[in-house]
Amino acid sequence: MNLVIRNVRLANRPDSGPVDIGVADGRIVAIEPHLAGEDSWDAGGHLACAGLVETHIHLDKSRIIDRCAPETGRQIQPMRAVAALKPLFTAEDVRERAERTLVECILNGTTRMRTQVEVDPAIGLRGFAAVRSLVADYCWAIDIEICVFPQDGLTNYPGTETLLVEALKAGVKAIGGAPRYDTDPEGQLRRIFELAREFDVDIDLHLDVGDSPEGMFLPHVCELTQEYRRGGRVVVGHMAKLSTMPPSDVAAQARHMADLGIAVTVLPATDLYLMGRDQDHNVRRGVADANFLLQHGVNCSLSSNNVLNPSTPYGDCSLLRLANLYANLLQLAHPAQLRECFAMLTERSARLLNLTDYGLAIGNPADIVVIDAETPEQAVAEIRQPLAAFKRGRRTVVRHPPELLRP
């Protein structure tokens, strides 16, 4: 063995007591107590997982809040603000901003990622090229999957489809959509499903953001998922409108999604910031209840979406902080609920991305993150920080916790 990580509590069974993880040639070869090996690192009984999984983030338009004039009043237009900036984005500019965000994600324990990248005539493929260069340059620390999508419309934006196809031909693994911003939203959705089938890629949609349940696109996505036989390969992000519906209606929608194999990514920071702006008191939270969806068979993840841009002017790239925020919003307190929140950053997120080699199991890549906690629920409740990260058996992150210096 090249490395033994000693005294870890496995996140999927933390109550079983500490074990050692043996690594050889970048893969896990043993998980048991008291492994032999000279090159070792002692985790001190802390929690270990295969890394946090960021299922939905926009690296390409992160860190632009300083370029946007602050909006006044309750109603805001963040997409309009970003659209005005996109023609000015260079590949170098996108890469510099995206890299800063990516590094923060890695430092906060993320080892896998799907990033959304906008493609249209205003930005061309500059953003795509910039983010793709980071995929190669940071493969030593994180696996990144790109999802290209038309933020500002597809059917009403000539030239966008040509660019999407060019990116798909370059090997992109997922395609997304934002039907809300298209003059023909149903037409956009059908074309996205057609392209996904043609190039055999996953689908990851921005869907059903709004302050009422009227005009939901989810029923059409369900029909297309069944028609194009894409079950298990469709994700819908946001789904804020679910938060405006009675539980019985949400349960019916959830059971249908579960039957079809449609997963959900909840984006707490963005939806909390954007929703309820039609109200000036008793403001709705606007964040879908992922735990409720889980109870009805829908696989879910929690993710960042935007970082420091007009849709989400905050962010430190900590998925554990986001899970804590979400738990506060949904008023969760039971340890089992918090443990599910942690799973929606790890195992459930990996399943949503159809990752087949994720997890602390013999034969899998030695992607291991050690968190300053003893249980998943403690990690979420206290926003405990990663102490170390290993990618394919190589240590990639060092963190020194603050210490109290007594007199």
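Brief remarks follow.
- Pairs are defined by a Cβ separation below 7 Å, a sequence spacing of at least 6 or placement on different chains, a first member in region 390-404 that is among the polar types (S, T, N, Q), and a second member that is part of a strand (DSSP E or B); the pairs so defined are Thr396/Ala389; Thr396/Phe390.
- Residues of region 168-183 that turn out to be open to solvent by less than 70 Å² (accessible area, probe 1.4 Å) and outside any helix (DSSP H, G or I), as a count: 9
- Strands (runs of 3 or more DSSP E) lying entirely in region 346-407 (those with 2 or more residues that are over 24 Å from His56 (Cα atoms)): 394-398
- The residue of region 289-320 that is farthest from Phe342 (Cα to Cα), among those that are touching a Lys or Arg at 6+ places or on another chain (Cβ under 7 Å) and open to solvent by 30 Å² or more (accessible area, probe 1.4 Å), is Leu308.
- The set of residues in region 184-201 being closer than 23 Å to Ala81 by Cα and open to solvent by less than 10 Å² (accessible area, probe 1.4 Å) consists of Gln188 alone.
- Taken together, the criteria place Glu99 among residues that are farther than 29 Å from Arg233 by Cβ, outside any strand (DSSP E or B) and within 20 Å of the chain's Cα centre (by Cα).
- Some residue of region 140-152 being open to solvent by 10 Å² or more (accessible area, probe 1.4 Å), closer than 19 Å to Pro179 by Cα, without any contact (Cβ under 8 Å) to a residue 12 or more places away in the chain and among the charged types (D, E, K, R): no
- Residue identified as open to solvent by less than 10 Å² (accessible area, probe 1.4 Å), over 28 Å from Ile368 (Cα atoms) and of a type in the set (Val, Ile, Thr) among Val53, Val94, Val23: Val94
- Pairs linking a residue in region 325-346 that is open to solvent by 20 Å² or more (accessible area, probe 1.4 Å) and modelled with pLDDT of 95 or more to a residue that is acidic (Asp, Glu) and part of a loop (DSSP other than H, G, I, E, B), with Cβ atoms under 6 Å and 6 or more positions apart or on different chains, are Leu330/Asp289.
- Only one of Glu194, Glu214 that is in a helix (DSSP H, G or I) and among the acidic types (Asp, Glu): Glu194
- Residue within region 276-285 that is outside any loop (DSSP other than H, G, I, E, B) and open to solvent by less than 50 Å² (accessible area, probe 1.4 Å) present: no
- The single residue among Arg180, Arg197 that is over 24 Å from Glu54 (Cα atoms) and under 24 Å from the mean Cα position of the chain (by Cα) turns out to be Arg197.
- Of the residues contained in region 71-80, one or more are found to be open to solvent by 10 Å² or more (accessible area, probe 1.4 Å), in a helix (DSSP H, G or I) and in contact (Cβ under 8 Å) with a residue 24 or more places away in the chain.
- Residue in region 309-320 that is of a type in the set (Phe, Trp, Tyr), more than 15 Å from the chain's Cα centre (by Cα) and under 20 Å from Val236 (Cβ atoms) present: no
The values are calculated or read from the model by the stated rules, or taken from the named source; none is laboratory data. The structure displayed is predicted, hence computed values, not measured ones. Please note: Cβ atoms are built from the backbone with ideal geometry, for glycine as well, and neighbour counts cover all protein chains shown. Surface areas here come from the heavy atoms of the whole protein model, side chains and all, with no ligands, DNA or RNA. Shrake-Rupley method; radii C 1.70, N 1.55, O 1.52, S 1.80 Å.
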